[in-house]
Amino acid sequence: MGCFSWIAQDTNEPIYITGYQKPGYEQHTYYMWDNKGNLWKEPDYEGYGMFGSKDYYVLLAEMNRVYGEDVTEDQKRNEGIAIEFGSNHDGIVFPNLTETSIWKWKNKQPVYHSNQGCYEGYEDDE
């Protein structure tokens, strides 16, 4: 599983992976929201799509499909990835990703961070 990250929808700043942020940048707490007002708090983002105890792609799948008890988290995650990278997003609802704990959910797909949660000059500093 690779690392990935997005741009926070409230600040338009990257969701940095802990340890890969700009020098002097204090790691932020991030929040993931569903369309029912639930939120998951992540104070230490590790780059694998987990916010609190919830996987972004599992939540995406759950927000768009109804599942029986026999469906595994891995199956949901794979379906969430298929939804995210599918070509047709008509009728799809997306989780929101923010730095603030006060937010009103909007149906807007989060934008991926091109440096996958690392700041621009990270590789140059090594």
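The values are calculated or read from the model by the stated rules, or taken from the named source; none is laboratory data. Bear in mind the structure is a predicted one, so any value in this text is a computation, not a measurement. Here the Cβ is made from the backbone with ideal geometry for all residues, glycine too, and neighbour counts use every protein chain on show.
On the basis of being assigned to a loop (DSSP other than H, G, I, E, B) and either more than 12 Å from residue 32 (Cα to Cα) or at pLDDT below 85 (or both), does residue 92 make the cut?
Values: assigned to a loop (DSSP other than H, G, I, E, B): yes; either more than 12 Å from residue 32 (Cα to Cα) or at pLDDT below 85 (or both): yes.
Yes.
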Query raised in the report: If you check 49, 24, 80, 37, which single one turns out to be surrounded by 16 or more Cβ atoms within 10 Å (Cβ to Cβ), more than 16 Å from residue 113 (Cα to Cα), out of contact with any Pro (no Cβ under 9 Å at 6 or more places or on another chain) and of a type in the set (Gly, Ala, Ser)?
Result: 80
Query raised in the report: So, in the range 52-77, of the ones that are of a type in the set (Gly, Ala, Ser) and either in contact with an Asp or Glu (Cβ under 7 Å, 6 or more places away or on another chain) or surrounded by 18 or more Cβ atoms within 10 Å (Cβ to Cβ) (or both), which residue ends up farthest from residue 97 (Cα to Cα)?
Result: 61
Query raised in the report: Do the conditions hold for residue 16, that is, is it modelled with pLDDT of 85 or more, in a loop (DSSP other than H, G, I, E, B), surrounded by 20 or more Cβ atoms within 10 Å (Cβ to Cβ) and out of contact with any Pro (no Cβ under 6 Å at 6 or more places or on another chain)?
Result: no
Report task. Of all residues in the range 27-59, count the ones that are of a type in the set (Asp, Glu), out of contact with any strand residue (DSSP E or B) (no Cβ under 6 Å at 6 or more places or on another chain) and not in a loop (DSSP other than H, G, I, E, B). Result -> 1
